[in-house]
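Below is one structure, written out as structure tokens, with a few remarks after it.
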Amino acid sequence: MAENPIDLMFDAVYAHYGLPWQFWKNDIANTDDLALAVKALRPLGCKGMAITVDGDVEAIGAANYMTIENGRLIGHNNDGKGVVKAIEKVAPLKGQRVVMLGAGGAGRAMAVELAWAGAAHLTLITRREEQGREVAATVTRASGVPADWQPWSGEVAVPAGTTLLMNATHLGCAPEQEEVPLVWDSLDPACVVVDVITNPRTTPFLATARQRGCPVVDGVEMLVQLAMQIFEQWTGITPEEAVFQRAVAEALGETPAG
């Protein structure tokens, strides 16, 4: 959670639009405490809440952000929509044969949105069979797109015919920046490679994919796309993408502040 630049990015965008707002980022230990935090939103005068869930925790369901509308808390999910928008800046999703490494946290929403956006087939590769099969079944039930599960054991060999490979795990996240155990010679250089990690922008996974000639999509681009939608829901202002791109680059230390 600490490595996610979302708070610094939002605060810079608030300042750009002259809003005296602040994005508070907090680690919440468990679902009981999460329930207390949600109850506190209205008395604290908050406009909403964004939720980032550890890959091994799925108890809160599908919502990744909340709004307060006419005194009611409304849950929304745009994790998958942000992923789709980011990928389609690089390649169309229609007809893609997708392999997703990991399916925890936001993985379910991402998998379903990829199917709705036109993916032809999804394969979920996970260490937990129950999780992978459940997400595969959800994809097919929600979209009609065929999906299957494969076990993750040791180094992953990319299935033949894969045209889009996504890392939906926490491997590669700062500060550890662990390698994704992949048999790189099994990857077609024409395959689009996607990583959901937001810090660093270029993970070891993406760096290796780029060296092998693959088109890549980073998690920062996904963060910008979903954050713009959340910002508009909370503020009623339609933001310029360039403002968010500049803000996140500053938050990651890629450009000088100001």
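The values are calculated or read from the model by the stated rules, or taken from the named source; none is laboratory data. In this text the structure is predicted, and so the values were computed from the model without any measurement. Positions of Cβ are generated from backbone atoms using ideal geometry, with glycine treated the same way; all protein chains shown enter the neighbour counts.
Looking only at residues of the stretch 86-116 that are surrounded by fewer than 20 Cβ atoms within 10 Å (Cβ to Cβ) and under 17 Å from the mean Cα position of the chain (by Cα), we find that the one that is farthest from V180 (Cα to Cα) is W116. Would you confirm whether any residue within the stretch 110-130 is over 25 Å from A251 (Cβ atoms) and aromatic (F, W, Y)? Within the stretch 110-130 (the criterion being over 25 Å from A251 (Cβ atoms) and aromatic (F, W, Y)), the answer is yes, since at least one residue qualifies. Farther than 27 Å from F244 by Cβ, touching an Asp or Glu at 6+ places or on another chain (Cβ under 6 Å) and not small (G, A, S): is that true of T140 in this structure? So T140 does not fit the description; no.
When the stretch 122-153 is filtered for residues that are closer than 20 Å to K81 by Cβ, outside any helix (DSSP H, G or I) and hydrophobic (A, V, I, L, M, F, W, C), the ones remaining, listed by number, are L122, L124, V145, A147. When the stretch 211-220 is filtered for residues that are at pLDDT 95 or above, of a type outside the set (A, V, I, L, M, F, W, C) and under 20 Å from the mean Cα position of the chain (by Cα), the ones remaining, listed by number, are P215, D218.
Looking at the stretch 155-204, which of the residues that are out of contact with any strand residue (DSSP E or B) (no Cβ under 9 Å at 6 or more places or on another chain) and of a type in the set (G, A, S) is surrounded by the most Cβ atoms within 10 Å (Cβ to Cβ)? The qualifying residue surrounded by the most Cβ atoms within 10 Å (Cβ to Cβ) is A174. Taking the conditions exactly as written (more than 14 Å from A168 (Cα to Cα), modelled with pLDDT of 90 or more and assigned by TED's automatic domain parsing to the domain that holds L182), does A111 satisfy them or not? In short, no.
A119 meets each of the listed conditions (1) assigned to a loop (DSSP other than H, G, I, E, B); (2) buried (at least 20 other Cβ atoms within 10 Å of the Cβ); (3) at pLDDT below 95 apart from (3). How about the stretch 182-231: which of its residues are over 17 Å from R97 (Cβ atoms), part of a helix (DSSP H, G or I) and among the aliphatic types (A, V, I, L, M)? If the condition is that a residue be over 17 Å from R97 (Cβ atoms), part of a helix (DSSP H, G or I) and among the aliphatic types (A, V, I, L, M), then L206, A207, V220, M222, L223, V224, L226, A227, M228, I230 are the ones that fit. Assessment of the stretch 31-51 against the conditions (in a loop (DSSP other than H, G, I, E, B), in contact with a Ser or Thr (Cβ under 9 Å, 6 or more places away or on another chain) and modelled with pLDDT of 95 or more) yields no matching residue. Can we say E254 is surrounded by fewer than 18 Cβ atoms within 10 Å (Cβ to Cβ) and not basic (K, R)? For E254, the condition - surrounded by fewer than 18 Cβ atoms within 10 Å (Cβ to Cβ) and not basic (K, R) - is met.
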